[in-house]
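Student: Attaching a single structure in structure tokens format; questions to follow.
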Amino acid sequence: MNRIHKTTDVVVVGSGPGGATVARQMARAGKRVLLLEKGRDHKLVGNHLTALVMADKLGLSFTEEGMNIVRAFTTGGSTVMYCGSAADPPDWLRTKYGIDLRAYAEETKRELGIAPLPDDVVGTGSHRLLEAGNELGYDFEKMPKFIDASKCRMRCGGTCMLGCPHGAKWTARSYVQDMLDAGGELMTRVDVQHVTVQDGVATGLQAFTPRGVLEVEASTVVIAAGGIGTPSILQKSGLTEAGRGMFVDPLVLVTGVSRHAGTCLGPPMAVATTKMIDEGILLSDLIDPWGMWLMMAALRNPAKLGLFASYRKQLGLMVKIGDERQGYINMDEHISKPLTEQDRSRLNRGSVIAREILLRAGCDPTSIMVGPVRGAHPGATARIGLVVDENLQTPIPNLYVSDASVIPEALDRPVVLTVISLAKRLSERLLS
């Protein structure tokens, strides 16, 4: 088999928000950087076909217990398919683990212009849910977004989750381009197998590519392959604690048909309530893109598939919870993630509240349905205190992790700003 050899200062695995941030910061500091991505560099985004191609197993990846978890293999990782929502890193990272991300988060918000969308960009369906929620005392407000409002086409039909075709939503591809502009190198379609270790120290990695086996020598190795990919690589590299226990911030979508413009006619997750965040419950406006709506209805509520005719008048609320750490991921990326009694209780309580709000917003009670439970963003699979230390270094010197897998507890909130902040903190320490 053909062998490809490369030598660099820093090799980063995964081009999502954690990997792209580290690669960018290091390249801008003058380091030789090689960024490896398992997926392709898809150019045409914002449609169902490309989303299916980018998604792992065409979006039909399930845990042993039947929970759907979607992740994207493409340049920019899953940020290409996220809703563009931002939330500050949780205070408990600072108070319980001594990791203060406030300065990094504020810097990122200024740099990327993260802010709530103006009223004229927020969809009328989202406004209706905000008003209904507030009439019931749930304290909805507009959510900060990684979206340039001047580029947003608010009636594009919910394609944010398929990849923004207008360039309004920030993705990690922006940081990847910054890295390239600074002299870094990107390789796609690279399936990293394991880290190479000599005398107990990480010295590089080995991967499969369409052109043969890639062998990289590097003085610093950063794994940022996500909450599922990272523990698999670490296990193959000898760190058997990786993958033991995980959170996924489970969610369900509760939808109903109204007589008014629906949630799909505006940016997703434009409004939210954090009133119950201490209970581990977040509610926000969200409905699946039409293709995913059909698939999820067929899986959970086939008797209500006829409601698809009213898709553009449906209002939707996402119920996301902070789940207890359970389950495992093995080196073949097989996932077991059982839900505990507390997890199910939180999902049920949030769904009941969502129904109450949908009724207040004018939805037909016979049209309201609860979708299947899905995993939002897996984490804690290479967590601080078990697999990495507070500086995100593993027990193997020169081997670091920079993605949601290091977060030790469920977030029950959007994860991207926290991951970027952790990656900037790691980069600062690597450079110092």
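Student: For a label point 7 angstrom out from the Cα of Asn2 toward its Cβ, which stretches of the stretch 204-230 have the backbone nitrogen within less than 12 Å?
Tutor: The answer is 209-214.
Student: How much FRET efficiency would the formula 1/(1 + (r/R0)^6) give for Thr240 and Val352, where r is the Cβ-Cβ distance and R0 is 35 Å, rounded to 0.05?
Tutor: Details: r = 41 Å, r/R0 = 1.18.
After rounding, the FRET efficiency stands at 0.25.
Student: Still on this structure, I have one more. Counting only helical runs of four or more DSSP H residues, what would the 222 nm mean residue ellipticity of the chain come to if each run contributes -39,500 (n - 2.57) and the total is spread over all its residues? Could you put the intermediate results ahead of the total?
Tutor: On the way: 10 runs with 115 residues, N = 432.
Mean residue ellipticity at 222 nm (helix-derived): -8000 deg cm²/dmol.
Student: In what sequence do Ser258, Ser421, Ser402 fall when counting other Cβ within 10 Å, fewest first? Intermediate values should be presented prior to the final figure.
Tutor: Numbers: Ser258 20, Ser421 26, Ser402 34.
Ranked by crowding around the Cβ, least crowded first: Ser258, Ser421, Ser402.
Student: Please report Arg102, Arg189 as a ranked list, fewest other C-beta atoms within 10 angstrom at the top and most at the bottom.
Tutor: Working: Arg102 13, Arg189 16.
Fewest to most other Cβ atoms nearby, the residues stand as Arg102, Arg189.
Student: Stretch Asn391-Glu64 to full length: gain in nm at 0.36 nm per residue minus the Cα-Cα span?
Tutor: Details: separation 327, 0.36 × 327 = 117.72 nm, distance 3.26 nm.
So the chain would gain 114.5 nm between Asn391 and Glu64.
Student: Which of Arg312, Arg346, Arg429 has the fewest other C-beta atoms within 10 Å, and how do the rest follow up to the most?
Tutor: Result, fewest neighbours first: Arg429, Arg312, Arg346.
Student: On to the next question. Output the pairs from Lys6/Lys145; Lys151/Lys337; Lys275/Lys313; Lys43/Lys145 with a Cα-Cα distance over 31 Å in this structure; if there are none, say none.
Tutor: Numbers: Lys6/Lys145 38 Å; Lys151/Lys337 39 Å; Lys275/Lys313 27 Å; Lys43/Lys145 23 Å.
Pairs exceeding the cut-off: Lys6/Lys145; Lys151/Lys337.
Student: I would also like to ask the following. Using the Cβ atoms and a cut-off under 14 Å, what net charge is assigned to the surroundings of Lys6, where Lys and Arg are +1 and Asp and Glu are -1? Each step should come with its number before you reach the end.
Tutor: Numbers: positive: Arg3, Arg32, Arg211; negative: Asp9, Glu185, Glu215, Glu217.
Within the 14 Å Cβ shell, the charges total -1.
Student: DSSP H helices in the chain with Cα extent of 27 Å or more along the helix axis and mean Kyte-Doolittle hydropathy at least -1.0? The partial results should precede the final answer.
Tutor: Values: long enough: 341-360 (29 Å, -0.78).
In the chain, the long hydrophobic H runs are 341-360.
Each reported figure results from applying straightforward, stated rules to the coordinates on display, with no laboratory input. Note that the coordinates shown come from a computational prediction; the quantities given were computed from them, not determined experimentally. Heads up, the Cβs are rebuilt from the backbone with ideal geometry, glycines too, and the neighbour counts pull from every protein chain shown.
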